[in-house]
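Read through the structure below, which is laid out as structure tokens, and then see the notes.
The values are calculated or read from the model by the stated rules, or taken from the named source; none is laboratory data. Being a predicted model, the structure only gives us computed values, none of them experimental. Cβ placement follows ideal geometry from the backbone for every residue including glycine, while neighbour counts extend to all protein chains displayed. Each accessible area value is taken on the protein alone, full model and side chains, heavy atoms only, with ligands, DNA and RNA left out. Shrake-Rupley method; radii C 1.70, N 1.55, O 1.52, S 1.80 Å.
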Amino acid sequence: MKGLLLIVVAVILLVTGTKAFFCDGIPAGMRLRFPLPEICNEYISCHHGTEHEWRCPVGRFFSQRAQRCVDACDPTETINICAGLINNILLRPPLSEFPFSCRRHYQCIGGNMVSRECPPGTFFSQLAQGCGSVREEFCIPD
């Protein structure tokens, strides 16, 4: 399973190139922890519709909740993708749930994930921050 997730992340980063994927719809300046639990020292910084990968100094680990590098790694932050994000951001399911339905998404409320689903016949778009008629890549249509 770990190998599959690594392949999925590599494919997403390769296919999207300089386009955003993880940062779609995320306010500029927000930082997201790298989406694999075993990688605690890397993060993605969202700026003007692009993603920039960064690494914490040696011996430090990125905390999405704190939005900075800290002394200890909290692997639960890759499970709770809303940790440290502002309220009402809508996110695709985490890679740990891949493959996922094109209608399924999460709303961040108080740093917690609240499961949501688009109405039948519509698809979730993280970039548009809502449901609509355009299906994003990397999801399974119902």
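Here are the numbers for this structure:
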read-out: Sole exception among (1) more than 15 Å from the chain's Cα centre (by Cα); (2) open to solvent by less than 70 Å² (accessible area, probe 1.4 Å) for SER125, by number; value: (1)
read-out: Matching residues in the range 23-34 - criterion: being assigned to a loop (DSSP other than H, G, I, E, B) and crowded, with 22+ Cβ neighbours inside 10 Å; value: CYS23, ILE26
read-out: Matching residues, the range 58-94, being part of a helix (DSSP H, G or I) and crowded, with 20+ Cβ neighbours inside 10 Å; value: GLU77, THR78
read-out: Residue count for the range 45-57, restricted to those that are farther than 17 Å from ILE26 by Cβ and crowded, with 16+ Cβ neighbours inside 10 Å; value: 1
